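The values are calculated or read from the model by the stated rules, or taken from the named source; none is laboratory data. Note that the coordinates shown come from a computational prediction; the quantities given were computed from them, not determined experimentally. Cβ atoms come from the backbone with ideal geometry, glycine included; neighbour counts cover every protein chain shown. These area figures cover heavy atoms from the full protein model, side chains too; ligands, DNA and RNA do not enter into them. Shrake-Rupley method; radii C 1.70, N 1.55, O 1.52, S 1.80 Å.
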Amino acid sequence: MSIEIENVNKRFGDFVAVDNVSLSLPDGQLTALLGPSGSGKTTLLRIIAGLENPDSGRIRFHGEDTTDVHVSDRGVGFVFQHYALFKHMSVFDNVAYGLTVKPRRIRPDKAEIKRRVMKLLELVQLDWTAHRLPSQLSGGQRQRIALARALAVEPKVLLLDEPFGALDAKVRAELRRWLRRLHDEIHVTSVFVTHDQEEALEVSDRVVVMNHGKVEQEGTPEEVYDHPANPFVYKFLGNVNLFHARVENGHARIGDLTLPAPEHGDARSGKGYAYVRPHEIEILAEQDASGALPATIELVSIVGPSVRLELRIENGDDLVHAELPKARFRELGLAQGGQTWIKPLTSRVFLDGETLPSAGV
Amino acid sequence: MSSLASENRAPGAAAGASGHKLAWHRATEEPAWLRRVLIGVALSFLALFLVLPLTVVIYSAFEQGLKVWYDAIVEPDAAAAIRLTLLVVVIVVPLNLVFGVVAAWAIAKFEFRGKSVLITLIDLPFAISPVVVGLIFVILLGSQGWLGPWLASHEMRIIFAVPGIILVIAFGTLPFVARELIPLMQQQGKEEEESSLTLGANGWQTFWRVTLPNVKWGLIYGVILCNARAMGEFGAVAVVSGRIRGETNTMPLHIEVLYNEYMFTAAFAVSSLLAALAIVTIAVKSFVEWNDERAQGAAGLTGLTRKTP
Amino acid sequence: MAFARRQQSVIPGFGITLGFTVFYLGFLLLIPIAGLLLYTAQMSWDDFWRAVSNRQVVASYKLSFGASFIAALINLVFGAIVAWVLVRYQFTGKRIVDALVDLPFAMPTAVAGIALVTLYAPTGWIGQYLDVFGIRIAYTQLGVVVALTYIGLPFVVRTVQPVLEDLDKEVEEASAIMGANRLTTIRRVILPALLPALLTGFALAFARAVGEYGSVIFISGNLPFRTEITPLLIVAKAEQYDYPGAAAIGTVMLLTAFVLLLIINGLQWWTSRRYR
């Protein structure tokens, strides 16, 4: 079941939570709504669920307008960040709840409810907890029960609000891989909200990056990461270095270095910034024929298999961060305080004050 | 919001944004009519049981004018009852204040076995009928009680005298300061005290300059409540006082005497003083809570942003 | 080593504060209470049984416990509604209404007593209208229920209110999303979460009502076998210097209070254990 969001607006007092958002989320895919806190992603999710009503705009499920359909009749599954399990009910009763509140004429009989609940508990690998209370489970287990409970009513769409936000790092990594596999099994159209870019990139089929209530970019994780549409997306998806540059005729100059910037072929001359990710900076032991920037190594930190460098280039205010494999670092024979040359392998140049429209790549 | 929107909607609801807002209601809200009914039921119940009795006290006290009200209060027996009541609270409230602070310190700042038993014991006077409290002291100290003969031989009179009144009121109002302070001080933890001590302050300085300012408002409410309950204590005093007019009648006993003698206006005049005290008490409580909420609101802005991420 | 001591506590005053607390409780509470129990224990079983089970006393138990139960039930229903309205809805004057709930707790019982009888007497503000329909409240068992409802009013409201405030709205949303209508959500999700608090409030209101004296004696009329509450019997016997009789009934009341306190503590323990 696809979800279409048309010109949705929502304000809370003076605060614009969702600013004229239109999106189309394809059937059977797992979409991540990614953004910093206050970006409107949770509000948008709650509007899709029917927990909030938009000030204007429409929500359609598979072409059918559901904007005014009450949350109880909308047929969505929702997983809350803090699980929202019923504390006084056993795990079994929690999962069975959605089935037991159905009107009598369409309610499955007891044996059928039991069969379906146990099947779901097996799906989330927690069938052995059926008779426990939620308070006797760990955070990760509670979240899996919350998911089983949401799936029990066979929802048309599954919505997850920061589903792993309350868990510690190790459990979250495990659980998100598990969610990906689970989605591959059941293929229900799913939307999940997260502020963690790694989570969004790892788990989802599509990523929608939001900021200040607007959609900054949407696309596959690869598209969004490799071709950020604007400086915000660049900064939000991972670490990035900024180089002051002069943009002229499709080229960007940083000191003596010239980088190609074909997207600004028409810009005659102006200030701009080149965005380069740390692992896209090549470290050289000596000056390269094609040009490189001299830099001093201010700090070396070895993190497991890779090495992170903090470098200062001449006339540069900000430190440049670079990352390279440990073997390569050893090969170059670099040391803290030493001199080196750096060269961006790929970059994306944005003009000063440029904000791209939220359209794709 | 366009022609697209109205196509799929019932004709009556096609008025746009305002139209569908009426139809939509939040998952955690009841329909407006039910809200109004519930508010109506709650307010009627409270009006019937809280506002009307209070109004009748004030109305009846002043029904015949300020002069009559004033005369009823300065009349010698009434004045004696007021003096006795004040004397009792001047003794009882400081005693229970000291007890409350000391007990709260022991319970909130230390871990020891039997703590929950101790807390239950402090609650005990809440559960015991005031009449039984009076009886307990009559049995212990009355002329036919355990210590009665010994007291008589030393010419000491406790029951049917002021000391007995003080004892039963101290018993009845024992929990109030402690019950306010214990949860407050437990919530504060002991880190602030520990850091004060590591900075070189001694125990007294730590108590006066760190602990006390933190629980100041709770303490004030505890004292005011203890005071109101001490002045209003009735059942226990009725058993031990002997109702000697002008001597062992506290204000509530004097009200009973006046009422039974059909001097209704005078009874309500004295009552109006105690009712005013009750109103001051709940006003202080309300202020303390409002103060708390404000402090928490200033400290916890993160809680507010959660709703609109 | 110095560390071994610090493990205990660096905060001073444990011995003296605990010592004073135990001393104060011992002299003011425990020794006097033990005095009453010992006094009763000296009675022969037959005397004791006769004192606590004669017809007049049994009639007073029925009234005290029955009226307290009904009053606590009234407070359970209306207290829950008041707490709900105060927590969930906005209306003008809410702060004042919220503060007023504590009034019965701060108001002297004798003042409440004469105010209630003045209202409900056949000529009173309310009583005169009820009198038209032949309903009498003052000087009947209904009057006892009215007085006990008044003094028990704050308990259910004040125990339910904080639990309702802490109740996670998301739990209600989860219920609604799974297709439950509002009534089902209230019945199956909200009420079970409030149950321990409701029971605690009920027990507190009941315990307070059973021992209540001041607010009842004016409105009840104190007719033996009809409107005489147990605490009044104790006062009457004490005034006639029938100390054994008073002590026997007092012991029954005291033991009832202990049992109720145990139940209340048990309920609070249950709440904290199950709903942390």
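Mind listing, in residue-number order, the residues in region B:76-116 that have at least 20 Å² less accessible area with every protein chain present than in their own chain alone (1.4 Å probe)?
B:LEU95, B:PHE99, B:VAL102, B:TRP105, B:ALA106, B:PHE110, B:PHE112
For A:LYS214, B:LYS109, A:LYS110, write out the residues from largest to smallest accessible area, computed with a 1.4 angstrom probe and no ligands counted.
Numbers: A:LYS214 105, B:LYS109 0, A:LYS110 180 Å².
Accessible-area ranking of A:LYS214, B:LYS109, A:LYS110, largest first: A:LYS110, A:LYS214, B:LYS109.
Which aspartates and glutamates, if any, have their Cα less than 18 Å from the Cα of C:LYS94, not counting same-chain residues under 8 positions apart?
Counting by Cα, and skipping residues close in sequence, C:LYS94 has these aspartates and glutamates nearby: B:GLU289, B:ASP292, B:GLU293, C:ASP102, C:GLU165.
Could you do me a favour and compute the accessible area per residue for the protein assembly as shown, 1.4 Å probe, result in Å²? Numbers along the way, then the final one.
Values: 42380 Å² over 946 residues.
Here the residues of the protein assembly as shown average 45 Å² of exposed surface.
Give me the percent of accessible area attributable to carbon and sulfur for chain C, probe 1.4 angstrom.
66
Between the helical axis of B:162-172 and the dominant principal axis of chain B, each derived from Cα atoms, what acute angle in degrees is found, rounded to the nearest 10?
30
Could you sort B:TYR221, B:TYR70 by their accessible area in this structure, using a 1.4 Å probe and putting the largest first? Could you put the intermediate results ahead of the total?
Details: B:TYR221 15, B:TYR70 130 Å².
From most exposed to least exposed: B:TYR70, B:TYR221.
Measure off 7 Å from each Cα along the Cα-to-Cβ vector at A:LYS235 and B:GLN186, then give the distance between these two points in nanometres to one decimal.
Result: 4.7 nm between the two label points.
Would you tell me the accessible area of C:PHE206, worked out with a 1.4 angstrom probe on the heavy atoms of the protein chains, in Å² to the nearest 10?
Counting only protein heavy atoms, C:PHE206 exposes about 30 Å² to solvent.
Please give the calculated 222 nm ellipticity per residue for the protein assembly as shown, where each DSSP H segment of at least 4 residues contributes -39500 (n - 2.57) and the sum is spread over every residue; nearest 500 deg cm²/dmol?
On the way: 43 runs with 530 residues, N = 946.
So the calculated ellipticity at 222 nm is -17500 deg cm²/dmol.
Report, in order of residue number, the helices in chain C meeting two criteria: a C-alpha extent of 27 Å or more along the helix axis, and a mean Kyte-Doolittle hydropathy of at least -0.5; treat each whole DSSP H run as one helix.
On the way: long enough: C:55-88 (48 Å, 1.41); C:141-166 (38 Å, 1.10); C:191-211 (30 Å, 1.63); C:243-274 (45 Å, 0.99).
Once both thresholds are applied, what remains is C:55-88, C:141-166, C:191-211, C:243-274.
As a test question: what accessible area, to the nearest 10 Å², does B:MET263 have when a 1.4 Å probe is rolled over all protein chains in place?
90
Express in Å², to the nearest 10, the accessible area of A:ASP317 obtained by rolling a 1.4 Å probe over the protein heavy atoms while all chains stay in place.
120
Using a simple spin-label model with points 7 Å from Cα along the Cα→Cβ vector, what separation in nm is obtained for C:GLN240 and A:HIS227?
Using points 7 Å along Cα→Cβ, the separation is 10.2 nm.
Can you pull the one-decimal nm distance between simple spin-label points at C:PHE23 and B:SER143, each 7 Å off the Cα toward Cβ?
With each label point 7 Å from Cα toward Cβ, the separation is 3.4 nm.
Considering Cα pairs under 8 angstrom that are at least six residues apart, work out the relative contact order of chain A and quote it in whole percent.
Numbers: 747 pairs, mean separation 58.5, N = 361.
Once normalised by length, the contact order is 16 percent.
Near A:ALA173, within a Cβ-to-Cβ distance under 13 Å, what is the net charge of the other residues, with Lys and Arg +1 and Asp and Glu -1? It would help to have the intermediate numbers written out before the result.
Details: positive: A:LYS170, A:ARG172, A:ARG176, A:ARG177, A:ARG180; negative: A:ASP168, A:GLU174, A:ASP196, A:GLU198, A:GLU199, A:GLU202.
Local net charge: -1.
Any of A:LYS41/A:LYS271; A:LYS156/C:LYS169; A:LYS119/A:LYS156; A:LYS41/A:LYS214; A:LYS10/A:LYS87; A:LYS170/C:LYS169 with alpha carbons more than 21 Å apart? Name them for me. It would help to have the intermediate numbers written out before the result.
Details: A:LYS41/A:LYS271 33 Å; A:LYS156/C:LYS169 24 Å; A:LYS119/A:LYS156 19 Å; A:LYS41/A:LYS214 9 Å; A:LYS10/A:LYS87 32 Å; A:LYS170/C:LYS169 29 Å.
Distance filter (> 21 Å) returns A:LYS41/A:LYS271; A:LYS156/C:LYS169; A:LYS10/A:LYS87; A:LYS170/C:LYS169.
Using r as the Cβ-Cβ distance of A:GLU248 and A:GLU198, and R0 as 56 Å, what FRET efficiency do you calculate, to the nearest 0.05? Display every interim value, and only then the final one.
Working: r = 36 Å, r/R0 = 0.65.
Given R0 = 56 Å and the Cβ-Cβ separation, E is 0.95.
Could you pull out every residue, at least 5 positions away or on a different chain, whose amide H is within less than 5 Å of the one on A:SER56? Hs are placed 1.01 Å off N in the peptide plane, and Pro or chain starts have none.
A:ASN9
Within region B:65-298, what whole-number % of the accessible surface is contributed by carbon and sulfur, with the 1.4 Å probe and all protein chains included in the calculation? All intermediate terms of the calculation are to be shown ahead of the outcome.
Working: 6300 of 9890 Å².
Taking all protein chains in place, region B:65-298 shows 64 percent carbon and sulfur surface.
Could you tell me the total accessible area buried at the C-A interface, probe 1.4 Å, in square angstrom to the nearest hundred?
Details: alone 17170 and 17810 Å², together 32980 Å².
Roughly 2000 Å² of accessible surface disappears when C and A pair.
State the answer as a single residue: which of B:LEU174, B:GLY203, B:THR120 lies farthest towards the positive end of the charge dipole of region B:65-298, with beta carbon charges of +1 for Lys and Arg and -1 for Asp and Glu, about the Cα centre.
The residue sitting most towards the positive pole is B:GLY203.
Where the centre of each part is set by its Cα atoms, how far does region C:138-186 sit from region A:24-86, in angstrom?
32
From the Cα gyration tensor of chain C, with a ≥ b ≥ c the square roots of its eigenvalues, which class applies: rounded if a/c is under 1.5, or else prolate if a/b is larger than b/c, or else oblate?
Details: a/c = 2.03, a/b = 1.09, b/c = 1.86.
It comes out oblate by the Cα gyration axes.
Under a 1.4 angstrom probe, counting protein chains only, how are B:LEU46, C:LEU199 ranked by accessible area, largest first? The partial results should precede the final answer.
Numbers: B:LEU46 10, C:LEU199 70 Å².
Result of the area sort, largest leading: C:LEU199, B:LEU46.
How large a share of the accessible area of chain A, in percent, is made up of carbon and sulfur atoms when the probe is 1.4 Å and the other protein chains stay in place? Intermediate values should be presented prior to the final figure.
Numbers: 7740 of 16030 Å².
After summing per-atom areas, the C and S share lands at 48 percent.
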